[in-house]
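Asker: Mind looking over this structure? Questions follow.
The values are calculated or read from the model by the stated rules, or taken from the named source; none is laboratory data. What you are looking at is a predicted structure, and each value in this text was computed from that prediction instead of being measured. Cβ coordinates were reconstructed from backbone atoms using ideal geometry, including for glycine residues, and neighbour counts include every protein chain displayed.
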Amino acid sequence: MKQEVKKIVIFGESQLASLAHFYFKHDSPHEVVAFTVDRDYLNSKEHEGLPIVAFEEVEDHFPPSEYSMFLPISFKKMSHLRRDKYEAAKAKGYHLASYVSSKATTWPDLDIGDNCFIFEDNTIQPFVKIGNNCVLWSGNHIGHHTTIKDHVFITSHVVISGACTIEEHCFFGVNATIRDETTIAEATLVGMGAIITKDTKPGDIHLGQSSKIMAKKSMDLDSISHKSKG
């Protein structure tokens, strides 16, 4: 089915924003026309050769009746920061575009929400449902009949087996593995290389192949990084 060509404003001037610009430019029918950031972070007039304007007044320059928006924001605070800006853009009336790489393996009628960023080499099997505002970095396997709810961030080479349920605000580190028919509760942080064989509890942090559960909750972390302590 032929896609409707959209003119898109990208939020941010980070590496993620530059990646989004690259993918839309080289692998979509859409046209990126500008960037936007919060006024406090507006330090230049252009990014990637395109104008950049304050988010507080973006609709004055690029009205939502004529332009769509894409918000490639990181997983900080278990993607709550991305959710806040997602909701702010929706409140302004913007349609939020999604990007699905042509180099991802998908099937017709992929059930996907808005403002999703699906990178190359993802294998998304039949009957998968992906909610709004999700990021799937490159090289993941999403098994059949799995449901991924809103505001989820999946890094790379994650295996989510068939018929799993991924609740909102979950994060999956590189090479994590989830057993089939498992429910990953809201805001679960699945660390790099973790193997999950049973349902999790909201906010839990699972580390390593033994899936050690930390005493902290995921929302207590300031950062999700290999440089973080404790």
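Each row is one residue, and each column tells you yes or no for (1) modelled with pLDDT under 95; (2) in the same structural domain as Ser161 (by TED's automatic domain parsing); (3) assigned to a loop (DSSP other than H, G, I, E, B).
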| site | (1), (2), (3) |
| --- | --- |
| Pro72 | no, no, yes |
| Ser102 | no, yes, yes |
| Asp109 | yes, yes, yes |
| Asp114 | no, yes, yes |
| Asn133 | no, yes, yes |
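Asker: So, one more: Kindly indicate which of His144, His206 is part of a strand (DSSP E or B), at pLDDT 95 or above and either closer than 18 Å to Phe75 by Cα or out of contact with any strand residue (DSSP E or B) (no Cβ under 9 Å at 6 or more places or on another chain) (or both).
Answerer: Every option except His206 fails the conditions.
Asker: Let me ask another. Quick one: Ser102 ticks every box in (1) surrounded by fewer than 15 Cβ atoms within 10 Å (Cβ to Cβ); (2) at positive phi; (3) among the polar types (S, T, N, Q) except a single one, so which number is it?
Answerer: Status for Ser102: all satisfied but (2).
Asker: Looking at (1) assigned to a loop (DSSP other than H, G, I, E, B); (2) at pLDDT 95 or above, which is the only condition Gly230 fails?
Answerer: Of (1) assigned to a loop (DSSP other than H, G, I, E, B); (2) at pLDDT 95 or above, only one is false for Gly230: (2).
Asker: Farther than 22 Å from Ile195 by Cβ and in a loop (DSSP other than H, G, I, E, B): is that true of His169 in this structure?
Answerer: In short, no.
Asker: May I pose another question? Which one is farthest from Asn140 (Cα to Cα) among residues in segment 184-206 that are of a type in the set (A, V, I, L, M) and in contact with an Asp or Glu (Cβ under 7 Å, 6 or more places away or on another chain)?
Answerer: Among them, the one singled out is Ala185.
Asker: Please count how many residues of segment 116-130 are surrounded by 19 or more Cβ atoms within 10 Å (Cβ to Cβ) and either assigned to a loop (DSSP other than H, G, I, E, B) or not aliphatic (A, V, I, L, M) (or both).
Answerer: Qualifying residue count, segment 116-130: 5.
Asker: Next question. Would it be correct to say that Lys2 is over 18 Å from the mean Cα position of the chain (by Cα), at pLDDT below 95 and over 23 Å from Trp107 (Cα atoms)?
Answerer: It is false that Lys2 is over 18 Å from the mean Cα position of the chain (by Cα), at pLDDT below 95 and over 23 Å from Trp107 (Cα atoms).
Asker: Here's something else I'd like to know. Are any residues in segment 47-75 of a type in the set (S, T, N, Q) and either in contact with an Asp or Glu (Cβ under 7 Å, 6 or more places away or on another chain) or surrounded by fewer than 11 Cβ atoms within 10 Å (Cβ to Cβ) (or both), and if so, which ones?
Answerer: Ser65
Asker: Pick out the one residue from Ser44, Ser28 that is among the hydroxyl-bearing types (Ser, Thr, Tyr), surrounded by fewer than 15 Cβ atoms within 10 Å (Cβ to Cβ) and in a loop (DSSP other than H, G, I, E, B).
Answerer: Only one candidate passes the filter, namely Ser44.
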